[in-house]
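Asks: Below is the structure I would like to discuss, written out as structure tokens.
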Amino acid sequence: MVTTPDHDCTQDQPQSRALWYIAPGQAEIRSEAILPLQSNQLRVRTLYGALSRGTESLVWAGRVPEVEYKRMRAPFMDGEFPFPVKYGYSSVGRVEQGPAELLGKLVFSLSPHQTLLTLAAESAALVPAGVPPARAVLAANMETALNAVWDAAAGPADRIAIVGGGVVGMLVAFLCGHLPGAQVTLVDINRARESIAQSLGVQFAIPAEAPTECDVVIHCSGSPLGLDTALSLAGEETTVLEMSWYGDQPVTANLGGAFHSRQLRLQSSQVGHVSASRRPRWNYARRLSAALALLKDPRLDVLLAPTVLFKDLPAQLPRILGPGNSILCQLIQYD
């Protein structure tokens, strides 16, 4: 692991440290020079970041399918799949250089795990007052959840089931729980998720006890068994929204039984596109700003795991990204 300080006095250029995935199950921290700022660019000192356990576990394991190499590129990723890649998309920091009106401001960006960032001003979203920097790392996940709720067309008084209690599933449930009269149930095999769901204001059930005949079903578990559960909870002519991304894992789904007679629909949802219902009026910047504003509720802190120091990430990744870990959002604290 390379641990060169962010500013090396023997060089003219400041140095940044970044996490690189270098082989299946292996990562290291590398130093790299930061180029001088161009006009309308910002220099941002990272305070907090977060690991996306679903996506980054696939990247770390080298399980990104070759046909998805282009679409899976994160906005500021370096390197090429499968390895080595500098990957990640949740970073909160403070502006150290740039336009005077932004100096000292907290910003969120879809940046990899890196101590010092150079960003175009339009790529940095201001963190609104009332959102602490640690909670702001949830912005990318909240943006995904918001897009999914739009795709699902969930409405007041609907009976809504969200299958899979990871970070995105919890945030989808949280948003749906604000719909007047909606009956929202988070469905998961892990009973330890019950207290978290309740703290976010929604009901909880294991699959065998989940409500059926639902008006809206959203699947986020990342498991084919979870998809079967989602299909079993759908009412007649209901759309089951599939949010899970399986990488190179083949998926089987129970499309026999009542799937055809009940005229169920299976629809994908992906944050790379603004939901079709909003696309004429919304762009990515507006959606991200809305996601950040939705993070003002302090109840969302329940999703954040105790911090891991950035310098310790390579050693901690097997624990964080390994199978069987129940961590929701792994918070990263920078020096």
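Asks: Among the candidates P112, P132, which residue alone is touching a Gly at 6+ places or on another chain (Cβ under 7 Å) and either assigned by TED's automatic domain parsing to the domain that holds S221 or not hydroxyl-bearing (S, T, Y) (or both)?
Replies: P112
Asks: Show me the strands (runs of 3 or more DSSP E) entirely contained within region 114-193 in which 1 or more residues are free of Cβ contacts under 8 Å to residues at least 40 places away in the same chain.
Replies: Answer list for region 114-193: 183-187.
Asks: While we're looking at this one, here's another question. If you take the residues of region 215-251 that are outside any strand (DSSP E or B) and among the polar types (S, T, N, Q), which of them is surrounded by the fewest Cβ atoms within 10 Å (Cβ to Cβ)?
Replies: Per the stated criteria, the residue is Q249.
Asks: Among the candidates A315, A291, which residue alone is out of contact with any strand residue (DSSP E or B) (no Cβ under 7 Å at 6 or more places or on another chain), modelled with pLDDT of 95 or more, buried (at least 19 other Cβ atoms within 10 Å of the Cβ) and in a helix (DSSP H, G or I)?
Replies: The conditions single out A291.
Asks: Quick one: which residue in L116, L47, L110 is surrounded by fewer than 22 Cβ atoms within 10 Å (Cβ to Cβ) and under 26 Å from N283 (Cβ atoms)?
Replies: Among L116, L47, L110, only L110 is surrounded by fewer than 22 Cβ atoms within 10 Å (Cβ to Cβ) and under 26 Å from N283 (Cβ atoms).
The values are calculated or read from the model by the stated rules, or taken from the named source; none is laboratory data. Being a predicted model, the structure only gives us computed values, none of them experimental. When we count neighbours, we look across all protein chains shown, and the Cβ atoms used for this are built from the backbone with ideal geometry, even at glycine.
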